[in-house]
Amino acid sequence: MSVAERLWARSAFWSRSICTCRAAPPWVVDGLARAEFRFLKTYDGDLTDSFVGPVLTRRGDGAWLMRWRADHLYRPEPVRDNGTRAADAAAWLHEYVDAAEPVVHALGDGQLALIPNGRFLHGRTALSSGSRRRIFRAWVF
């Protein structure tokens with residue numbers, strides 16, 4: 001486990017993907033791991049830049065990685081169900097996330113949060129007008 005992963009493992013601020021997988025019935029894990037969903041990189045209507053793949057994938061060490069987004073801009077839906085109950089699995093995950101009690105951490109001036117997207121389900125509040133807060137998104141491969 002890397003230093004960053006050890007630090008995040010002790011963090012109580014975000015829900016680890018593995019907790020979601022343990023709570024899910026087997027048919028949900030199956031649907032999220034085998035079906036293909038569309039994940040947009042931009043919200044301009046151009047689907048050519050989107051990613052299509054499973055919500056859940058396993059790393060080489062067996063840990064689950066999760067790709068998910070569900071907000072007022074976009075909710076992933078299955079492109080191909082691959083013989084699973086993919087739409088029902090996505091609905092289960094939407095409901096699970098909506099019902100989860102969020103853990104809130106307010107960053108102070110000069111603080112930065114780096115969140116491994118595949119390991120933690122996370123979110124943020126909207127920027128208020130006049131806010132000096134800046135949010136940058138980077139795709140690192």
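The values are calculated or read from the model by the stated rules, or taken from the named source; none is laboratory data. In this text the structure is predicted, and so the values were computed from the model without any measurement. Neighbour counts run over all protein chains shown; Cβ positions are idealised from the backbone, glycine included.
Could you please let me know if S11 is at pLDDT below 80 and either aliphatic (A, V, I, L, M) or crowded, with 16+ Cβ neighbours inside 10 Å (or both)? Please lay out each step first, then the result.
On the way: at pLDDT below 80: yes; either aliphatic (A, V, I, L, M) or crowded, with 16+ Cβ neighbours inside 10 Å (or both): no.
It is false that S11 is at pLDDT below 80 and either aliphatic (A, V, I, L, M) or crowded, with 16+ Cβ neighbours inside 10 Å (or both).
Right, R38: of a type in the set (D, E, K, R), in a loop (DSSP other than H, G, I, E, B), at pLDDT 75 or above and touching a strand residue (DSSP E or B) at 6+ places or on another chain (Cβ under 8 Å) or not? Explain how you work it out, then say what you get.
Values: of a type in the set (D, E, K, R): yes; in a loop (DSSP other than H, G, I, E, B): no; at pLDDT 75 or above: yes; touching a strand residue (DSSP E or B) at 6+ places or on another chain (Cβ under 8 Å): yes.
When the stated conditions are applied, R38 does not pass them.
For the stretch 31-70, what are the residues that are of a type in the set (G, A, S) and under 15 Å from the mean Cα position of the chain (by Cα)?
Residues of the stretch 31-70 of a type in the set (G, A, S): 31, 33, 35, 45, 50, 53, 60, 62-63, 70.
A33, G53, A63, A70, listed by residue number.
Take the residues of the stretch 82-115 that are part of a loop (DSSP other than H, G, I, E, B) and in contact with a Leu (Cβ under 9 Å, 6 or more places away or on another chain): which is modelled with the highest pLDDT?
To start, the set of residues in the stretch 82-115 that are part of a loop (DSSP other than H, G, I, E, B) comprises 82-85, 100-115.
Retained after the next criterion (residues that are in contact with a Leu (Cβ under 9 Å, 6 or more places away or on another chain)): 84, 100, 113.
On the way: T84: 97, A100: 76, A113: 74.
So, considering only residues that are part of a loop (DSSP other than H, G, I, E, B) and in contact with a Leu (Cβ under 9 Å, 6 or more places away or on another chain), the one modelled with the highest pLDDT is T84.
Could you check how many residues of the stretch 43-81 are at pLDDT 90 or above and in a loop (DSSP other than H, G, I, E, B)?
The number of residues fulfilling the criteria is 3.
Within the stretch 116-130, track down each residue that is over 19 Å from the mean Cα position of the chain (by Cα) and either surrounded by 10 or more Cβ atoms within 10 Å (Cβ to Cβ) or at pLDDT 80 or above (or both).
Of the residues in the stretch 116-130, the ones over 19 Å from the mean Cα position of the chain (by Cα) are 127-130.
Of everything in the stretch 116-130, just one residue is over 19 Å from the mean Cα position of the chain (by Cα) and either surrounded by 10 or more Cβ atoms within 10 Å (Cβ to Cβ) or at pLDDT 80 or above (or both), namely L127.
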